[in-house]
Amino acid sequence: MPSLTLVQAINDALRAEMRRDKNVVILGEDVGKVGGVFRVTDGLYEEFGADRVMDTPLAEAGIIGAAIGMALYGLKPVPEIQFLDFIYPAYDQIVSELAKFRYRSGGQYSCPLVIRSPYGGGIKGGGYHSQSSEAYFAHTPGLKVVIPSGPYDAKGLLISAIRDDDPVLFLEPKRVYRAFREEVPEGEYVIPIGKAKISVPGDDLTLIGYGAMMQECLAAQKEAAAKGISVEVLDLRSILPFDKEALLNSVSKTGRAVIVHEAPKTSGFGAEISATIAEEAVEYLRAPIVRVAGFDTPFPYTLEGEYMPSVARILEAIERVASF
Amino acid sequence: MIQILKNDGTLKNKMSPEMSPAVLLDLYRWISFLRTLDTRMMNLQRQGRIGFYGVCTGEEAAVVGSGFTLKPEDWIYPALRQGGVALMRGMPLTTYLAQVYGNSLDVQKGRQMPCHYGYKPANFVAWSSCIGTQLPHAVGTAWAAKIKKDPIVVMAYLGDGATSEGDFHVAMNFAGVKKAPVIFFCQNNQWAISVPLSGQTASENIAVKATAYGFEGVQVDGNDILAVTQVTQMAVEKARKGGGPTLIEAVTYRMGSHSSSDDPTRYRDSKEVEEWQRRDPIKRFRSYLDSLGLWNEQKEATLKEKFDEEISQAIKIVEAAPPPLRESLFEDVYAGLSPRLAEQAADLNRISESSH
């Protein structure tokens with residue numbers, strides 16, 4: 001089985017789906033000959049040609065707006081937004097149009113498509129190449145938001161997203177694009193959207209995260225284990241929908257929850273997780289729910305290491321909650 | 001500005017190609033029908049029987065003339081005042097009315113405010129209330145058709161206000177670059193609610209904006225149904241042959257309020273309205289048909305009576321329908337009902353049942 005990086009696994013998924021279904025097309029800025037600024041679409045222009053891997057003018061609202069019109073007509077577009085930080089000109093198209101087409105037309109029209117976008121910090125990208133703004137989108141009925149943490153999941157989830165009947169925002173943790181490799185099967189396989197994964201089983205506390213932060217979560221789990229705290233690590237894999245069943249099962253077992261994301265704390269997706277636990281599993285809790293998140297500041301350049309949740313901050317929260 | 005009929009209904013220029021009497025009468029029936037329908041709908045609104053309505057009064061020639069030139073396989077992305085095009089393309093009148101009533105006969109299940117028609121059999125795509133957002137969709141559909149080598153064209157409607165939106169720029173630019181088979185049909189009715197055209201743009205007109213995007217812009221008298229039909233026909237043929245997009249500016253006037261919720265006496269001079277009344281598209285076309293001997297008072301009276309009867313019948317059917325089922329609230333958010341939505345539906349049901 002090939003050992004692939006996250007970038008290679010996503011490229012592999014795109015290639016497999018484009019070979020399977022001629023309606024799958026890619027559009028975006030620099031996705032063609034150059035293969036994307038992160039080389040995610042590398043080689044696809046050469047294999048599938050300019051009618052299926054399309055460079056567009058530099059306008060995010062146009063990329064998503066046109067992709068909507070293509071999807072309505074029966075193509076299966078996979079538009080790329082170069083950095084999640086640049087998606088806001090298309091926010092109206094995503095929130096007002098893409099997510100609501102099926103509903104507002106009474107089910108007559110739908111626009112299944114997958115928006116791929118690298119997100120998150122830790123690459124020295126400053127305030128506009130680092131944001132983690134998934135919560136804005138997770139508040140949008142009609143949309144799905146998928147955030148893989150590694151190569152194996154990324155390929156299976158992306159294939160699922162492309163085959164989904166509804167629009168999906170597929171956020172790629174760019175900090176780990178080339179950070180590590182995993183065994184990734186050749187050809188097609190799918191991982192269902194909305195199912196979390198227990199990355200490491202444990203008994204004392206549930207550590208909940210997604211995307212790039214899973215690396216910090218796993219490191220914190222190891223350090224906690226060394227201190228005698230058995231942490232169960234839950235990788236949500238998608239936040240809209242999120243796997244409530246897996247969440248509540250784990251927290252009812254451990255009685256303790258720490259939630260990690262690099263997005264700002266206030267109204268971040270951790271609030272939804274926390275509220276769900278409080279609403280439906282409060283009787284199992286032995287300690288307050290704690291969130292470890294980015295601070296409520298814009299994303300900084302020089303001090304990004306201070307801003308991002310670190311293993312030390314996660315470990316501190318684990319110890320505090322475990323000893324409550 | 002291209003014109004065929006002068007304000008008094010006499011010919012200024014020859015039509016090319018000529019239209020048969022049957023086609024002329026068909027056009028006349030449609031513009032008359034829309035005038036009658038809008039009048040009846042506004043009455044329903046004033047009586048409190050429907051919540052909201054936006055007429056196309058004064059703009060019927062632009063709506064009917066542009067819609068008339070399209071084939072069934074072509075696609076339409078409408079704005080607020082093009083419901084008439086859906087009717088021309090076979091949407092039943094009861095379906096039109098049911099959308100306005102938002103009841104169980106509405107194919108959109110009562111999800112949208114009145115005048116937001118969407119009807120798939122007519123390739124008439126439901127629009128949101130957001131201004132200009134449909135324009136990039138139209139370009140995407142046209143671009144997709146080009147990729148698939150389907151010989152269709154896409155008609156994207158907009159008002160003068162929409163030309164200020166970013167999505168207008170984005171759509172025009174993409175259409176030009178990709179040479180997409182799309183027609184941007186701007187019904188310039190001079191007013192975006194209370195803001196006149198001079199408050200939207202410093203351009204000498206709207207058609208000229210196309211030049212900057214590398215394609216043709218045409219200004220046409222929007223109250224002249226023959227000119228609108230001819231200009232649109234040319235743009236449609238050009239797009240179908242691979243000649244790319246056209247921006248058509250149909251110069252017309254919003255005779256009524258923006259919608260049933262608006263009072264234009266607060267912001268515009270009645271003299272301006274009176275001036276435009278003299279250019280009324282229906283009176284003008286009627287004079288022309290009279291001069292050809294194709295129409296007369298008796299035919300007019302018979303037609304109006306038929307329209308009124310048809311509309312009354314449809315209202316009767318639609319008003320009798322109950323609201324959409326409560327469960328339908330949760331349908332069509334996604335292709336299937338998500339577990340979270342299923343829970344919320346069950347909650348609503350439980351509480352509604354127990355409070356009865």
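The values are calculated or read from the model by the stated rules, or taken from the named source; none is laboratory data. Treat the numbers as computed from the prediction; the structure is a model and nothing was measured. A quick note on method: Cβ atoms are made from the backbone with ideal geometry, for glycine too, and the neighbour counts reach across all protein chains shown. These accessible areas exclude ligands, DNA and RNA; they are computed on the full protein's heavy atoms, side chains included. Shrake-Rupley method; radii C 1.70, N 1.55, O 1.52, S 1.80 Å.
Enumerate the residues in segment B:69-96 having an amide nitrogen under 19 Å from the point lying 7 Å beyond the Cα of residue B:19 toward its Cβ.
Answer for this model: B:69-72, B:82-90.
Give me the accessible area per residue for segment B:1-158, probe 1.4 Å, as a whole number in Å².
Spelled out: the 1.4 Å probe surface of segment B:1-158, per residue, equals 33 Å².
By the gyration tensor of its Cα atoms, with a ≥ b ≥ c the square roots of the eigenvalues, what is the shape of segment B:21-324: rounded for a/c under 1.5, prolate for a/b over b/c, or oblate?
rounded
Which lysines, on any chain, are close to residue B:149 with Cα under 24 Å apart, when same-chain ones fewer than 8 places away are left out?
Leaving aside lysines fewer than 8 places away in the same chain, those within reach of residue B:149 are A:22, A:33, A:76, B:71, B:120, B:178, B:179, B:238, B:241.
Can you give the FRET efficiency for residue B:1 and residue B:319, using 1/(1 + (r/R0)^6), R0 = 41 Å, r = Cβ-Cβ distance, to the nearest 0.05?
0.45
May I ask you to derive the relative contact order of chain B, considering only C-alpha pairs under 8 Å and at least 6 residues apart, and to give it as an integer percent?
23
Does anything in segment A:229-243 have its amide N under 20 Å from the 7 Å Cα→Cβ label point of residue A:180, and if so which residues?
Correct set: A:229-238.
Compute for chains B and A the buried accessible surface, both sides summed, probe 1.4 Å, and express it in Å² to the nearest 100.
Using a 1.4 Å probe, the pair buries roughly 3600 Å².
Enumerate the helices in chain B for which the Kyte-Doolittle hydropathy averages 0.0 or more and the C-alpha atoms extend at least 30 Å along the helix's axis, using complete DSSP H runs.
B:21-46
With +1 on each Lys and Arg Cβ and -1 on each Asp and Glu Cβ, how big is the dipole of segment A:197-322 about its Cα centre, in debye rounded to the nearest 20?
Here segment A:197-322 has a charge dipole of around 160 debye.
Please give the helix A:151-163 orientation as an angle from the longest Cα principal axis of chain A, in degrees from 0 to 90, rounded to the nearest 10.
50
Show that you can apply the helix-only estimate: for the protein assembly as shown, add -39,500 (n - 2.57) for every DSSP H stretch of four or more residues, divide by all residues, and state [θ] at 222 nm to the nearest 500.
The helix contribution divided over the protein assembly as shown gives -12000 deg cm²/dmol.
Describe numerically, in nm with one decimal, the distance between label points set 7 Å from Cα along Cα→Cβ at residue B:301 and at residue B:201.
For residue B:301 paired with residue B:201, the spin-label model returns 4.6 nm.
Taking segment A:206-247, which trypsin sites (Lys or Arg not before Pro) meet the DSSP loop condition and have no more than 15 other C-beta atoms within 10 Å?
Taking segment A:206-247 and a limit of 15 other Cβ atoms within 10 Å, the loop trypsin sites (Lys or Arg not before Pro) found are A:227.
Which FRET efficiency, nearest 0.05, do residue B:130 and residue A:225 yield, Cβ-Cβ r, R0 56 Å?
0.60
Percent of accessible area on segment A:197-322 owned by carbon and sulfur, 1.4 Å probe?
Ligands and nucleic acids excluded, carbon and sulfur reach 54 percent.
Mind giving me the nanometre distance, one decimal, between the label points for residue B:49 and residue A:1, set 7 Å out from Cα along Cα→Cβ?
Output for this residue pair reads 6.7 nm.
Report the FRET efficiency, 1/(1 + (r/R0)^6), for residue B:240 and residue B:271, where r is their Cβ-Cβ distance and R0 is 45 Å, rounded to 0.05.
In this case the efficiency is close to 0.55.
Check each residue of segment B:162-180 and keep those whose accessible area, probe 1.4 Å, is at least 10 Å² smaller with all protein chains in place than in the chain alone; give them in order of residue number.
B:167, B:170, B:173, B:174, B:177, B:178
Once you have a ≥ b ≥ c as the square roots of the Cα gyration tensor eigenvalues for segment A:11-139, tell me rounded if a/c is under 1.5, and otherwise prolate or oblate according to whether a/b is larger than b/c.
Judged from the Cα gyration tensor, segment A:11-139 comes out oblate (a/c at least 1.5, b/c at or above a/b).
Rounded, prolate or oblate, given the Cα gyration tensor of the protein assembly as shown, with a/c below 1.5 counting as rounded?
It comes out prolate by the Cα gyration axes.
Under 27 Å between alpha carbons, and skipping anything fewer than 8 positions from residue A:197 in its own chain: which lysines qualify?
Filter leaves A:144, A:155, A:174, A:222, A:227, A:244, A:253, A:265.
Between B:183, B:152, B:248, where does the largest GNM mean-square fluctuation fall for chain B, given springs only between Cα atoms within less than 10 Å?
In this elastic network of chain B, the residue with the biggest mean-square fluctuation among B:183, B:152, B:248 is B:152.
Can you tell me how much longer the chain between residue A:279 and residue A:139 gets when fully stretched, taken as 0.36 nm per residue apart minus their C-alpha distance, in nm with one decimal?
48.6 nm
So what is the relative contact order of segment A:1-82, in percent, for Cα pairs below 8 Å that sit 6 or more residues apart?
Computed over segment A:1-82, the figure is 34 percent.
Give me the accessible area per residue for segment A:197-322, probe 1.4 Å, as a whole number in Å².
I get 40 Å² per residue for this part.
Just flag the GluC sites (Glu not before Pro) in segment B:168-276 sitting in loop per DSSP whose Cβ has no more than 12 other Cβ atoms within 10 Å.
Loop-located and lightly packed - B:204.
Name the residues of segment A:95-133, by number, that are at least 40 Å² less accessible with every protein chain in place than in the isolated chain; the surface is that of heavy atoms, probe 1.4 Å, without ligands or nucleic acids.
Residues of segment A:95-133 that lose at least 40 Å² of accessible area once the other chains are added: A:97, A:102, A:103, A:104, A:106, A:108, A:109.
Among the trypsin sites (Lys or Arg not before Pro) within segment A:246-318, which fall in a DSSP loop and have no more than 14 other Cβ atoms within 10 Å of their own Cβ?
The qualifying sites are A:286.
With the crude spin-label approximation of a point 7 Å out along Cα→Cβ, what separation in nm comes out for residue B:342 versus residue A:195?
1.5
Once both axes come from the Cα atoms, what is the angle between helix A:244-254 and the longest principal axis of chain A, in degrees from 0 to 90, rounded to 10?
Result, in degrees: 20.
I want to check a number: in segment B:262-332, how many lysine pairs have alpha carbons closer than 30 Å, given a sequence separation of 8 or more or different chains?
8
Please build a GNM for chain B, connecting alpha carbons under 10 Å apart, and tell me which residue among B:245, B:136, B:323 fluctuates the most.
Result: B:323 has the largest fluctuation of those listed.
Rounding to the nearest 10 and keeping the result within 0 to 90°, find how far the Cα-based axis of helix A:6-20 lies from the longest principal axis of chain A.
Once rounded, one gets 40 degrees.
In whole percent, and with a 1.4 Å probe on the protein chains, what portion of the accessible area of chain B is carbon and sulfur?
Heavy-atom surface of chain B belonging to carbon and sulfur, 1.4 Å probe: 54 percent.
Please list the non-local residues whose amide H lies under 5 Å from the amide H of residue A:262, H modeled 1.01 Å from N, same-chain partners needing a gap of 5 or more.
For residue A:262, the qualifying residues are A:294.
Can you give the longest run of chain B that contains no trypsin sites (Lys or Arg not before Pro) sitting in a DSSP loop with at most 12 other Cβ atoms inside 10 Å?
Counting only loop sites that pass the neighbour cut-off, the longest clear stretch is B:15-148.
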